[in-house]
Amino acid sequence: MLKAARLLAGHAGVAPRAALRLTKRIPIAAGLGGGSADAAAALTALVELWRLALPTDELFDLAARIGADVPMCLAGRPSLVSGVGEKLAPSPPLPDCAILLVNPGLPLVTRDVFTARRGDFSVPQPLQAWTDLSGFVAALEVRGNDLTDAAIALCPPVAEVLSFLRGSKDVRYAAMSGSGATCFALYATLEDARRAAAQVSANWWRHAGTLTQS
């Protein structure tokens, strides 16, 4: 947040005067884009507070300078992302379904995961548009997550979380989120996700909710 505030102030030529308070409700270094979302929120709030008339393209360029995930968080909508995170395209509407997030209680630094990764990245696959949860799952299965093996090498409990989620009742899909260590699973209903959440180890952080399209 401070990096975003200082960068914006310097770019706009204004004094960096603001009181920022952060209430963190998700684990730190968890692969959920929390820091990026915080930075995007700071940009949005400070543009309004300082009454800045910045073109949208300029604001997104600043976001990309802060971090790869910040432009997507600034957009605030489901998107298909390419480049290093600065290229956004609208995704098909998300299906009605539920999601369970599980973190083993251990942080994973994104830089360390990329350093530990070996081999080439997967060749980008053409998007399979979806109209329901089954189609969404099919699109996710084609794409996967190239950072999973590296994350497990650095943090073996990630494999335990994935094993639990993939074996949970009525799960439709499970994978690691971002660079880890959080993993997610998709279910048809919130009741299914909450049932699985109730079985999660007491030492692991968990959150069950629904996917929504704004």
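Below, the figures for the structure above:
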| quantity | calculated |
| --- | --- |
| Potential extension, ARG194-ASP96 segment - 0.36 nm per residue separation minus Cα distance | 33.7 nm |
| Reference-scaled alpha-carbon Rg (2.2 N^0.38 Å with N residues) for region 52-143 | 1.31 |
| Radius of gyration, Dmax [region 29-88; alpha carbons; angstrom] | 11.2, 34 |
| Coarse-grained scattering of the chain at q = 0.11, 0.12, 0.13 Å⁻¹, given as base-10 log I(q)/I(0) from a Debye sum over alpha-carbon atoms | -0.59, -0.70, -0.82 |
| Residue with peak Gaussian network fluctuation, the chain [Cα springs, cutoff 10 Å], from LEU190, LEU74, LEU49 | LEU49 |
| Cβ-based exposure ranking for HIS207, HIS11, in which fewest neighbours within 10 Å come first | HIS11, HIS207 |
| Exposure proxy order (Cβ contacts within 10 Å, fewest to most) of TYR173, TYR187 | TYR173, TYR187 |
| Spin-label pair GLU160/LEU2, simplified geometry with 7 Å Cα→Cβ offset, distance in nm | 3.4 nm |
| Gain on full stretching of the segment that runs from THR56 to LYS87 - 0.36 nm per residue minus C-alpha separation | 9.8 nm |
| Gaussian network model of the chain, springs between alpha carbon atoms under 10 Å - residue of ALA116, ALA188, ALA151 with greatest fluctuation | ALA116 |
| Spin-label model distance (nm) - TRP205 vs SER122, 7 Å beyond Cα toward Cβ | 2.6 nm |
| Trypsin sites (Lys or Arg not before Pro) within region 36-135, DSSP loop, no more than 14 other Cβ atoms inside 10 Å | ARG51, ARG118 |
| Cα-based reach from LYS87 at 12 Å (exclusive), listing aspartates and glutamates while leaving out same-chain residues under 8 positions away | ASP57, ASP61, ASP69 |
| C-alpha center-to-center spacing [region 81-125, region 185-202] in angstrom | 21 Å |
| Paramagnetic label zone (point 7 Å from Cα along Cα-to-C-beta, ALA138; backbone N under 20 Å) in region 180-214 | 186-189 |
| Helical mean residue ellipticity (222 nm; -39500 (n - 2.57) per DSSP H run of 4+; nearest 500) of the chain | -12000 deg cm²/dmol |
| Segment ILE26-ARG65, extension gain: residue separation times 0.36 nm, minus the distance between their alpha carbons | 11.7 nm |
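Every number in this text was worked out from the coordinates using simple rules, so none of it is lab data. Worth saying up front: this structure is predicted, and the values here are computed from it rather than measured. FYI the Cβ positions are ideal-geometry reconstructions off the backbone, even for glycines, and counts take in every protein chain you see.
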